[in-house]
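The block underneath contains the structure these notes are about, expressed in C-alpha cells.
The values are calculated or read from the model by the stated rules, or taken from the named source; none is laboratory data. Note that this is a predicted model, so its numbers are computed, not measured. Cβ: placed from backbone, ideal geometry, glycine included. Neighbour counts: every protein chain shown. All accessible areas refer to the heavy atoms of the entire protein, side chains included, with ligands and DNA or RNA removed. Shrake-Rupley method; radii C 1.70, N 1.55, O 1.52, S 1.80 Å.
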Amino acid sequence: MLELTKSVQAAILAHAAKEAPKECCGLIVQAGGEQLYRPCGNVAANPSARFEIATLDWIEVSEQGEVCAIVHSHPQGEPWLSGADRQMQAANGLPWVLAVSGSLKVFEPVPHLRGRGFEYGRFDCYSLLADAYHLAGIDLPPVRRGDIDDDAAQGRFLALAEKAGFARVRDLQPGDVVLTEFDGLASHVLLYLGNGEMLHHAFGQLSRRDGYGPYWQRHTHSIWRHRQWQPEMLQAVLNDLACCG
C-alpha cells in the first residue's frame, strides 16, 4: 500500500483547492529517497469533469525520478474512481490518489473485478470481495490462505467477519456479503449488487456478475453487512463493472 508523506499530502490538497472547480492532476515520484508531488497541467477538453495529464509534463516529471502514483481530484465530491479512471488505472498499473472534500484516498491498482481467472489465495472469492470494498473505500484485512479444503473446513470468513467489521443481518441489501454453504461448510462469499444480481468468484471459474437465484438462495448460510458500508458506495463497484465489458 502506498503511504504518502505529510508534505506530499499537503501539496496535493493545496493543488486541488487551487484548481477547483477543475480537476487537478499530477504525479508522485520517488527521487533520491524522497517522495515528491509534481503538479501537472490538465489538458482535458472538459477539465471540470475529467483530467488528462499533459504529455510534456509527464515526460519532464518522469525524468526527475520513478513515477509511483497518479493524482487527481474530484471537485464534485465523488469519493471513488469513475469508470474511465478505472479503465486507465488498469492499463497503467499504478496506485491512484484521489483528492476529494479535503481528504485523500489511495486506490491500489487492483485488476478489474469481472473476468479474473481463479487462483486460490490470489484471485478467489475473498480477494474479489476485498478489492471491491477497497474501490468503495473500505479496506478489509488480508487473510493468509492455506489449503483450500482445510480453509473451507475452518470457516475462515465466519472467524474473520466480526473482526473485519461485519455484523450478521437478516434482510438483504445491496453491498451485503452473502456467505454460502456447500456440503455443510460455509465457504464461499459473494457480494450482493441488488436487483437480484451478485458478484462472485467461484472455484475454477472466472469472476463474474451473476443472478442471485433459487440455487444460491438455497445455499445461503448467512448475510453480513459491514458497519462502515453506505449505500452510495456501491457506485464504485458498478463503475468498475461498467467499464470492463
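Numbers for the structure displayed
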quantity	calculated
Residue among Glu78, Glu66 that alone is within 30 Å of Thr5 (Cβ to Cβ), open to solvent by 50 Å² or more (accessible area, probe 1.4 Å) and within 18 Å of the chain's Cα centre (by Cα)	Glu78
Residues satisfying the stated conditions in segment 62-84, i.e. touching a helix residue (DSSP H, G or I) at 6+ places or on another chain (Cβ under 6 Å) and outside any strand (DSSP E or B)	Trp80, Ser82, Gly83
Some residue of segment 135-149 being under 19 Å from the mean Cα position of the chain (by Cα), surrounded by 15 or more Cβ atoms within 10 Å (Cβ to Cβ) and part of a helix (DSSP H, G or I)	yes
Any hit, segment 50-61, residues being closer than 20 Å to Gln89 by Cα, assigned to a loop (DSSP other than H, G, I, E, B) and open to solvent by 30 Å² or more (accessible area, probe 1.4 Å)	yes
Any hit, segment 26-47, residues being assigned to a strand (DSSP E or B), closer than 24 Å to Asp240 by Cβ and touching a Ser or Thr at 6+ places or on another chain (Cβ under 8 Å)	yes
Hits in segment 1-35 - residues which are open to solvent by 80 Å² or more (accessible area, probe 1.4 Å) and closer than 17 Å to Leu98 by Cβ	Met1, Glu3, Lys18, Pro21, Lys22
Pair list, Cβ under 9 Å, 6 or more apart: segment 160-172 residue on the phi > 0 side of the Ramachandran plot and surrounded by 14 or more Cβ atoms within 10 Å (Cβ to Cβ), other residue modelled with pLDDT of 95 or more and in a strand (DSSP E or B)	Gly165/His226
Residue count for segment 177-196, restricted to those that are open to solvent by 50 Å² or more (accessible area, probe 1.4 Å), aliphatic (A, V, I, L, M) and closer than 13 Å to Trp216 by Cα	0
Check on Val106, under 18 Å from the mean Cα position of the chain (by Cα) and without any contact (Cβ under 8 Å) to a residue 24 or more places away in the chain	no
Of the criteria (1) without any contact (Cβ under 8 Å) to a residue 40 or more places away in the chain; (2) among the basic types (Lys, Arg); (3) surrounded by fewer than 20 Cβ atoms within 10 Å (Cβ to Cβ), which one Arg38 fails	(3)
Answer residue from segment 210-243, given it is among the charged types (D, E, K, R) and over 30 Å from Gly184 (Cα atoms) and is surrounded by the fewest Cβ atoms within 10 Å (Cβ to Cβ) among those	Glu232
